[in-house]
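Heads up, the thing below is written out as structure tokens.
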Amino acid sequence: MVKIGIISWKQGGGTNDYILPKPSKPWKKDLKVVQKGPYKGKIPFEKALIAAMEYKYNDIEIMYMNKFDEKMMKKNDINFLVSLNLLYAWEKGDKEYKRVYKIMDDPSINIYPNLKEQMFLFNKGDYLEYYAKKGIPIAPTFVVKKDRNVRRIVDKVEERGWSSFVLKPHYAYANIGIGKFDVDEPDVKGKVAKYLTKHKRFPGFVCQQVMDGFAKFWEVKSFWLNGEFKYYVAMKAADKVFSESKIYGENTEVFGKMNPSVLKDLKEMGRKVVDHFPKDLNKHSNPPMYLRIDFGCCMGNTLDGTSYFLNEVEFAGCAIFTEESGLKNFTELWAKTYYQKAKEYAPRGLKKIKSLKKKVKRTKRRNSSKRSKRRKGSKRK
């Protein structure tokens, strides 16, 4: 029996996405829909995932955890993160961050993705530079870490000929802390200084040229399971949570279809991202179980609508836009993916059980021996 933990989106419960109750499925029968709010009438994805897994597979036990609890996680062979729990802890302050970080760094607790993978993906500038060295196109970028000298930052921007630039914090998500600046605006250095002071707690920043085609053309989010492309959504940069609307303006959320030849190029680029994902981070992530790979347009600010670049790589948000994807049996596909990954960790669980049984037997033998000695001693008396 493989014991699986599903750690909720945020402490206290929450979800990464929602699914529709139709079409009906046997595993949906007892699931409750949301009663109010923007997701009224829909089913929380994590609850649907667990129901689908439990319905199809009888050799697993699933624990849904709405808090980051060390004792609960130690009971499981594998604990799956569905979102950015480490970053949520970091937002709450150093004490909570250190607590969660310590748990994730504990080798006796299997968490997927592991801490090394998370740290790689939470530092956007680092992974963009890594992929650029692998020949994958990215927007013009440099990284700001310990050296936060405003004059040197603005000088670098001017040397590159950028008219506008953005600063995006490492350890941030959903547009948190993004700042946009124009080189010619009055007191740009003062504004950058104020920005860096306000966001001084962040460990680093990505500094990028503003790409004019980002809002004009589709932003493409591609979804990969076990190294295989599954679906994509093409959208205008308008969604407040999963795009850069604060930079490019808040348009009405619009979805569309990609030109087949451009989509083919993006799949090939995504394939390279998956293939070059660092293999020394986690032996169970070759390839990663899930990745969301996002692309923007256009390289060189050409506005040609075809020369896309790698914009983001994430493990969270991999179960979003399920309705827009048009993918059938999406939840069952996810259930199978989680199940297969959990089975990779099963030998560890079986070893623990065997070790525990041996320990129990040794304890029984010792206790039996002690009782036997006491009986012999009492007889001699």
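Within the stretch 175-184, does at least one residue satisfy the condition of being over 29 Å from the mean Cα position of the chain (by Cα) and touching a residue at least 24 places away in the same chain (Cβ under 8 Å)? Yes; the residues of the stretch 175-184 include at least one that is over 29 Å from the mean Cα position of the chain (by Cα) and touching a residue at least 24 places away in the same chain (Cβ under 8 Å).
Can you confirm whether ILE62 is modelled with pLDDT of 95 or more, outside the structural domain of HIS170 (by TED's automatic domain parsing) and surrounded by 17 or more Cβ atoms within 10 Å (Cβ to Cβ)? When the stated conditions are applied, ILE62 passes them. For the structure I just gave you, tell me whether LYS221 is charged (D, E, K, R), within 30 Å of MET258 (Cα to Cα) and over 26 Å from the mean Cα position of the chain (by Cα). Answer is no for this residue. The residues in the stretch 308-339 that are surrounded by 17 or more Cβ atoms within 10 Å (Cβ to Cβ) and not in a helix (DSSP H, G or I) can be counted, and the count is 14. Report yes if ARG201 is over 25 Å from the mean Cα position of the chain (by Cα) and either at pLDDT 95 or above or not aromatic (Phe, Trp, Tyr) (or both), otherwise no. No.
Summed over the stretch 301-338, the residues that are of a type outside the set (Phe, Trp, Tyr) and touching a Ser or Thr at 6+ places or on another chain (Cβ under 7 Å) give a count of 1.
If you go through the stretch 187-210 one residue at a time, do you hit one that is closer than 19 Å to LYS156 by Cα, assigned to a loop (DSSP other than H, G, I, E, B) and free of Cβ contacts under 8 Å to residues at least 24 places away in the same chain? Checking the stretch 187-210: at least one residue is closer than 19 Å to LYS156 by Cα, assigned to a loop (DSSP other than H, G, I, E, B) and free of Cβ contacts under 8 Å to residues at least 24 places away in the same chain. Of all residues in the stretch 74-98, those satisfying the criterion of being more than 19 Å from the chain's Cα centre (by Cα) and touching a residue at least 12 places away in the same chain (Cβ under 8 Å) are LYS74, LYS75, ASN76, ASP77. Taking (1) farther than 22 Å from LYS264 by Cα; (2) part of a loop (DSSP other than H, G, I, E, B); (3) at pLDDT 75 or above in turn, ASP304 satisfies each apart from (1).
Scanning the stretch 173-187 for residues that are among the small types (Gly, Ala, Ser) and either farther than 16 Å from TRP90 by Cα or modelled with pLDDT of 90 or more (or both) yields one hit, GLY179. Among the residues of the stretch 18-30, none qualifies, meaning not one is in the same structural domain as TYR338 (by TED's automatic domain parsing), at pLDDT below 90 and assigned to a helix (DSSP H, G or I).
Of the helices (runs of 4 or more DSSP H) lying entirely inside the stretch 57-158, those carrying at least 1 residues that are among the small types (Gly, Ala, Ser), touching a Gly at 6+ places or on another chain (Cβ under 8 Å) and within 19 Å of HIS199 (Cβ to Cβ) are 124-133.
The values are calculated or read from the model by the stated rules, or taken from the named source; none is laboratory data. Only a predicted model underlies this, so the values are computations on that prediction, with no experimental measurement involved. We place every Cβ from the backbone using ideal geometry, glycine too, and count neighbours over all the protein chains shown.
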